[in-house]
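Undergrad: I have a structure I would like to understand better, so I am pasting it below and will then ask my questions one at a time.
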Amino acid sequence: MQVLVTGGAGFLGRALVWRLVELGHDVRVLDDLSAGDPSRLPETVSFSRGDVNDLPRLWSLLQGVECVYHLAARVSVPESVRYPREYNDTNVGGTVSIMEAMRDVGVQRLVFASSGAIYGNQTLQPVNEILPPDPRSPYAVSKLAAEYYVRTVGRLWDVETVSLRIFNAYGPGQQLPVVHPPVIPQFIRQTLGHGSLVVHGNGRQTRDFVYIDDVVSALVSAATAPDVDRRVINVGSGVETDVNGLIKHIGQATDQEPQPLYVAGQSSGVSRMCADITLARELLDYEPQVFLEEGLRRVMTEDERFATPAEE
């Protein structure tokens, strides 16, 4: 297929692009490089630096494209609390721009990377797709709004769409920004550097950590799977892990003794989060292959930042 991946130079996008190229697809990438690195993309990829709200550029890039993977987004929950307008402009406005351009050019399918953050606090665990959303941050609100746009205008404009609610993805090469870094690479870096692992709350809050290769498998399947139009599908590991358990696993993977520092009085986010992946199994033939212990081992061996212990 001819494929366009927005946000294709970022952590998830780059892994997806490599898989698509390995499968023989012709891949184009659009990325504004706010968090991406085009030098790590395959040489055969056609890369364009630009914004997802640039309709003329989108019209050009979409010529001949059969499927769009829309991954471009701002993704920091704490940052979204400070800058909700920017998150709305990129995550919601950018999604609408993609849909408009697809309608104008005649592209038939969109795979949208949504987020498990949409669920918020839920009594029922694991969470399934029929539960009412309870977004707790502007980031989560922006992803939910984008889902509604994708489904609604897709139906109105006869564009097939599927939204994948991706949970806590991790793997080699995950970005480590100075402010609000993702928990797994941050905890690994701190453990290797013999620093404190700052834990908000008591560490009993849970998340569903899903390895990047499994997420990519679900994305690839969604491009051609039948009977997924206007569906929302969870993509996670289906395993609930608390932060204290994650710290223990990281200690084993690094052969170090982590030093958690528990900070009371600061929000630790939702108390529990685990994906019910029944629908992904049924519709995408999805089955996670890499669970946390093995995933952390791969991060330690495949990510050059962690190949040797950090200096004190």
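We did not get these values from a lab; they are worked out from the coordinates using the rules stated. Given the structure is predicted, the values throughout are model-derived calculations rather than measurements. Positions of Cβ are backbone-derived with ideal geometry, glycine not excepted, and every protein chain shown enters the neighbour counts.
Undergrad: Scan the stretch 223-268 residue by residue and report those that are part of a strand (DSSP E or B) and within 20 Å of the chain's Cα centre (by Cα).
TA: R231, V232, I233, N234, V235, T241, D242
Undergrad: Let me ask you something else. Restricting attention to the stretch 139-158, which residues are within 22 Å of G106 (Cβ to Cβ), out of contact with any helix residue (DSSP H, G or I) (no Cβ under 6 Å at 6 or more places or on another chain) and part of a helix (DSSP H, G or I)?
TA: V150, R151, T152, G154, R155, L156 - these are the residues of the stretch 139-158 that are within 22 Å of G106 (Cβ to Cβ), out of contact with any helix residue (DSSP H, G or I) (no Cβ under 6 Å at 6 or more places or on another chain) and part of a helix (DSSP H, G or I).
Undergrad: From the list L12, L16, L23, L41, which residue is farther than 24 Å from E86 by Cα, out of contact with any Lys or Arg (no Cβ under 8 Å at 6 or more places or on another chain) and surrounded by 19 or more Cβ atoms within 10 Å (Cβ to Cβ)?
TA: Sole residue among the options that is farther than 24 Å from E86 by Cα, out of contact with any Lys or Arg (no Cβ under 8 Å at 6 or more places or on another chain) and surrounded by 19 or more Cβ atoms within 10 Å (Cβ to Cβ): L16.
Undergrad: Right, next: Looking at G106, G120, G116 in this structure, which one is surrounded by 15 or more Cβ atoms within 10 Å (Cβ to Cβ) and at positive phi?
TA: Sole residue among the options that is surrounded by 15 or more Cβ atoms within 10 Å (Cβ to Cβ) and at positive phi: G120.
Undergrad: Among the listed residues L164, L131, L197, L219, which satisfies the condition of being over 24 Å from R298 (Cα atoms) and surrounded by 20 or more Cβ atoms within 10 Å (Cβ to Cβ)? Step through it out loud before you land on a result.
TA: Details: L131 fails: surrounded by 20 or more Cβ atoms within 10 Å (Cβ to Cβ); L197 fails: over 24 Å from R298 (Cα atoms); L219 fails: over 24 Å from R298 (Cα atoms).
Only one candidate qualifies: L164.
Undergrad: So if I check each of V5, V21, V68, V75, which one is closer than 20 Å to D214 by Cα, in a helix (DSSP H, G or I) and either in contact (Cβ under 8 Å) with a residue 40 or more places away in the chain or of a type outside the set (S, T, Y) (or both)?
TA: Numbers: V5 fails: in a helix (DSSP H, G or I); V68 fails: in a helix (DSSP H, G or I); V75 fails: in a helix (DSSP H, G or I).
None of the others qualify; the one that does is V21.
Undergrad: Only residues that are crowded, with 16+ Cβ neighbours inside 10 Å and not in a helix (DSSP H, G or I): list them for the stretch 269-302, please. Write out each step before concluding.
TA: Initially, the stretch 269-302 is screened for residues crowded, with 16+ Cβ neighbours inside 10 Å, giving 269-270, 272-277, 279-280, 283-284, 286, 288, 290-292, 295-296, 298-300.
The answer is G269, V270, R272, M273, C274, A275, D276, I277, Y286, P288, V290, F291.
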